[in-house]
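The values are calculated or read from the model by the stated rules, or taken from the named source; none is laboratory data. All values derive from a computational prediction rather than experimental measurement. Reconstructed Cβ throughout: ideal geometry from the backbone, glycine too, with neighbour counts over all protein chains shown. With ligands, DNA and RNA removed, areas are computed over all heavy atoms of the protein, side chains included. Shrake-Rupley method; radii C 1.70, N 1.55, O 1.52, S 1.80 Å.
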Amino acid sequence: MRILYLTIFCLNLYSVGLSQGKNFKITYHHNLQFDTLKVLQDTIGMEAILIGNSLESNYFFAKLPVQNNSTSKIKEEDIQDAGDVTQGEGTYTVKLKGKGITYDSIGNMVYLNKKLQTLSVREHMSSEYIVTEEKAPVINWKIINEIRMIKGYACKKATTHFRGRDYIAWFTADIPIVAAPWKFVGLPGLVLDIEDTRHQVKIYFEKIEYPVTDKVPGFVKEGTEITLEKYFTFRNEGFIKTMKYMESLRGAMYSDVTMYNIEMRKD
């Protein structure tokens, strides 16, 4: 009985600590398949980090890794296909040889201001970074009475249709955190896994650290700022360019390259 009381006491302390706004750090694996003729494989993708608290969070991924020695210069030979390398204060950019595509060590990020309910998004498209601002979306989630265990956490199932895709999410109330990767807000718990039904997008949970001393990274507006309406058009054009480039690498030009023209993606 004493052990039971001690366990409950510790859990209460854990919950109170979270409510006081201490930071959490969640590691996900972020997968996106651009080629609509294929489905995702679990072995592809990239690490994504969500750092946040009760007031704000930042989800960032797809950034070039920073060397262990942050004071050292990034050399072209250190990065495959590197062309021009530009070193800044704590950051660097790399332009791939012959491709005209520039990446940097800041990467993509989705910053959520929980008080104002706004999203600031920085995303790499085509050959540059695009910056947009929007209200946090109101997602119509349908919670289903189905339970799945993910890394020891009991998760409930939820489904939604969001900006052109049908998604299945798994979220848990075992961890007293309300948070989600990317733009998937609105569920009463922590989203661990989410995937679309066409297997083009998949984000899954790796681990959680709490509390952490890591600060929530501020949003970086470095990029071309456009409206949300222009963003949708720009992204569709970027998808088409990406598809054509992938097709050229495979040496096969398909006549049906309007896969992203058929329906304007709004995600």
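Where a ≥ b ≥ c are the square roots of the eigenvalues of the C-alpha gyration tensor, would you call segment 123-180 rounded, which needs a/c under 1.5, or, failing that, prolate if a/b is larger than b/c, or oblate? Prolate shape, in that a/c is at least 1.5 and a/b is the bigger ratio.
Note on segment 210-231 and segment 100-157: Cα centroid distance 11 Å, given to the nearest whole angstrom. The accessible area of Met46, taken with all protein chains in place and a 1.4 Å probe, comes to roughly 70 Å².
Ser54 contributes about 70 Å² of solvent-accessible surface, heavy atoms of the protein only, 1.4 Å probe. Placing pseudo-labels 7 Å out from each Cα toward the beta carbon at Lys142 and Thr118 gives an inter-label distance of 3.4 nm. The modelled label-to-label distance for the pair Leu55/Arg163, using points 7 Å beyond Cα in the direction of Cβ, is 2.7 nm. Go through Lys22/Lys157; Lys114/Lys142; Lys156/Lys230; Lys183/Lys207 and tell me which ones have a Cα-Cα distance over 30 Å in this structure. Over 30 Å apart, Cα to Cα: Lys156/Lys230. Label point of Lys22 set 7 angstrom out along Cα-Cβ; within segment 186-227, amide nitrogens under 15 Å from it belong to 208-215. Computed from the Cβ-Cβ distance with R0 of 25 Å, the FRET efficiency linking Ala173 to Leu32 stands at 0.35.
A simple charge model with +1 on the Cβ of Lys and Arg, -1 on the Cβ of Asp and Glu and nothing else charged puts the dipole of segment 162-218 at about 280 debye relative to its Cα centre. Note on Lys202: accessible area is roughly 40 Å² with a 1.4 Å probe, heavy atoms of protein only. Can you tell me how segment 100-206 classifies by the Cα gyration tensor, rounded, prolate or oblate, using a/c under 1.5 as the rounded cut? Cα axes put segment 100-206 in the prolate bin.
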